[in-house]
Amino acid sequence: MLLFLWPIGAWTGVYERTFIAVKPDGVHRRLVGEIIRRFEKKGFHLVGMKLVQPSEPLLKEHYWGLRQKPFFSGLIEYMRSGPVVAMVWQGLDVVKMARRMLGETDPADSLPGTIRGDFCMEVGRNVIHGSDSVKMAQREISLWFNPDELICWENSSQPWRYQ
Ligand code: ADP
């Protein structure tokens, strides 16, 4: 019942959430299942997922902080080039741990065992996005999802994942 009383914006502790997106190259290269498998096996809890053809305004808003970068227009074009699988994952320290699972922005700097380290080679085709802070996660989740698209559901394995 606690879940229904939990105020929006108080997503902390085991209720922390992050925004993860499989980018168009990841979808085209059939990496969606592998990426979901890694998050599930880690123990994170899926609360939202959809296949989206993102609009230019959505992408410009999402990457607003990079608007001055020379690669910005190429980045928007890349992200518009096909469907994206948008997801919200929940769990303890999920923002930080998901970033570690993704690897570095440049696949060349990403260790084997990370998603970018295992599945891609160029920074401009790096397969996956993950929020870089809790604040950004809240911003990105509200940009990509309506509140009624996020499902609060009990996961019976919770006592086996947290002490
Ligand atoms: P991250 O996605 O790891 O948080 P950034 O926020 O710095 O990294 O960059 C957002 C995205 O912009 C990257 O994931 C990548 O797709 C793209 N990008 C970053 N740097 C470059 C670059 N030098 N050339 C082309 N694309 C880039």
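The values are calculated or read from the model by the stated rules, or taken from the named source; none is laboratory data. Worth saying up front: this structure is predicted, and the values here are computed from it rather than measured. Every residue, glycine among them, receives a Cβ derived from its backbone with ideal geometry; neighbour counts consider all protein chains shown.
Looking only at residues in region 32-91 that are among the polar types (S, T, N, Q) and surrounded by fewer than 17 Cβ atoms within 10 Å (Cβ to Cβ), the one that is farthest from Asn155 (Cα to Cα) is Gln68. Summed over region 92-109, the residues that are over 23 Å from Glu16 (Cβ atoms) and either surrounded by 17 or more Cβ atoms within 10 Å (Cβ to Cβ) or among the aliphatic types (A, V, I, L, M) (or both) give a count of 2. Any chance region 138-152 includes a residue that's closer than 19 Å to Arg37 by Cβ and assigned to a helix (DSSP H, G or I)? Among the residues of region 138-152, not one is closer than 19 Å to Arg37 by Cβ and assigned to a helix (DSSP H, G or I), which makes the answer no.
Yes/no matrix, rows are residues, columns are (1) more than 15 Å from the ligand (Cβ to nearest atom); (2) in contact with a helix residue (DSSP H, G or I) (Cβ under 9 Å, 6 or more places away or on another chain); (3) closer than 30 Å to Arg161 by Cα; (4) free of Cβ contacts under 8 Å to residues at least 40 places away in the same chain:
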site	(1), (2), (3), (4)
Met49	yes, yes, yes, yes
Glu61	no, yes, no, no
Ser81	no, yes, no, no
Val85	yes, yes, yes, no
Gly91	yes, yes, yes, no
Arg99	no, no, yes, yes
Asp106	no, yes, no, yes
Leu111	no, yes, yes, yes
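Considering only residues in region 119-163 that are among the charged types (D, E, K, R) and touching a Leu at 6+ places or on another chain (Cβ under 9 Å), the one that is farthest from Leu92 (Cα to Cα) turns out to be Glu154. Just so you know, in region 11-51 the residues that are more than 25 Å from Arg125 (Cβ to Cβ) and hydroxyl-bearing (Ser, Thr, Tyr) include one that is modelled with the highest pLDDT, and it is Tyr15.
Just so you know, in region 115-131 the residues that are buried (at least 19 other Cβ atoms within 10 Å of the Cβ) and not in a loop (DSSP other than H, G, I, E, B) include one that is farthest from the ligand (Cβ to nearest atom), and it is Phe119.
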